[in-house]
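The next block holds one structure in the form of structure tokens; read it before the comments.
The values are calculated or read from the model by the stated rules, or taken from the named source; none is laboratory data. Treat the numbers as computed from the prediction; the structure is a model and nothing was measured. We place every Cβ from the backbone using ideal geometry, glycine too, and count neighbours over all the protein chains shown. What goes into the accessible areas is simple: the full protein's heavy atoms, side chains included, and nothing from ligands, DNA or RNA. Shrake-Rupley method; radii C 1.70, N 1.55, O 1.52, S 1.80 Å.
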Amino acid sequence: MYNYYMRQIFENELNEIRSNIFRLMEMVNIAINQASTSLLEADAAKAQKVIENDKIINELDNSISEACIQSLALQQPVASDLRLLVGILHICDSLERMADFAVHISEYTLSAYPEKVFTEEFADKITELSQNSNTICQQVLKLYNSKDVELLDKIVETDNMTNAIYAKINKQVRDDKFKGSTKNAVDLALIARFYERFGDHAIAVGRQYIYIITGQYSLENLS
């Protein structure tokens with residue numbers, strides 16, 4: 001009876017951790033969407049909101065990590081429970097970094113306000129980066145809810161599109177025909193880099209969650 005009672009307590013703890021990591025994913029999704037809007041529209045208020053809300057994201061991240069560590073220490077889990085707790089610790093780290101990239105993008109919005117960071121010739125590419133970041137967040141959320149491991153391929157595909165745009169922007173700002181200043185070139189390259197790294201961490205989240213579900217990091221090992 002005692003073991004059953006302790007197991008129920010542990011299950012409740014795990015369910016709370018699962019619920020909170022989903023909340024954290026949703027908050028990161030909101031953060032990158034607001035950051036992108038602030039960048040595309042030179043919206044200082046939205047940029048400031050992203051920066052302020054990052055404190056809440058960090059608090060939730062710390063709360064989840066502490067709960068995982070406490071469960072590891074007190075419950076000494078094995079098998080799938082151990083994978084869940086260790087995997088979520090890694091997921092927290094990636095989500096926190098993704099939120100930081102949203103903050104960095106917002107900081108660039110504020111630094112250029114009331115002007116936009118980019119000129120019109122880059123508007124389409126920045127818009128695509130924004131759309132890809134939203135898509136990849138939705139794909140991660142769907143993977144978490146559905147446990148459909150095949151969604152990792154779609155996450156990687158979206159990230160590849162972001163990588164291609166990042167490469168194009170880097171090439172364009174280094175071209176002799178680029179009319180902006182050195183600062184403009186650096187700003188654009190860094191913003192594109194933030195989106196590129198955002199996507200990389202989304203892939204890391206997806207891979208860690210597949211590890212939690214299956215015990216494997218790669219879809220190639222699942223057959």
Output for the range 154-179, where each listed residue is among the acidic types (Asp, Glu) and surrounded by 12 or more Cβ atoms within 10 Å (Cβ to Cβ)
GLU157, ASP159
Restricted to the range 73-95 and to residues being among the aliphatic types (A, V, I, L, M) and over 24 Å from the mean Cα position of the chain (by Cα), the residue most open to solvent (accessible area, probe 1.4 Å) is LEU74
When restricted to GLU16, GLU11, the only residue at pLDDT below 95 and charged (D, E, K, R) is GLU11
Filtering the range 21-36 down to residues that are of a type outside the set (A, V, I, L, M) and either surrounded by 17 or more Cβ atoms within 10 Å (Cβ to Cβ) or outside any helix (DSSP H, G or I) (or both) yields ASN29, ASN33, GLN34, SER36
Kindly list, by first and then second residue, each pair from a residue in the range 111-138 that is within 20 Å of ALA45 (Cβ to Cβ) and open to solvent by 20 Å² or more (accessible area, probe 1.4 Å) to a residue that is in a helix (DSSP H, G or I) and of a type in the set (A, V, I, L, M), limited to pairs with Cβ atoms under 6 Å and residues at least 6 apart or on different chains.
TYR113/ALA44
Going through (1) over 17 Å from ILE91 (Cα atoms); (2) touching a residue at least 12 places away in the same chain (Cβ under 8 Å); (3) hydroxyl-bearing (Ser, Thr, Tyr); (4) out of contact with any Leu (no Cβ under 7 Å at 6 or more places or on another chain) one by one, TYR211 fails only at (1)
Would you confirm, using the coordinates I've provided, whether LYS142 is touching a residue at least 12 places away in the same chain (Cβ under 8 Å) and open to solvent by 20 Å² or more (accessible area, probe 1.4 Å)?
no
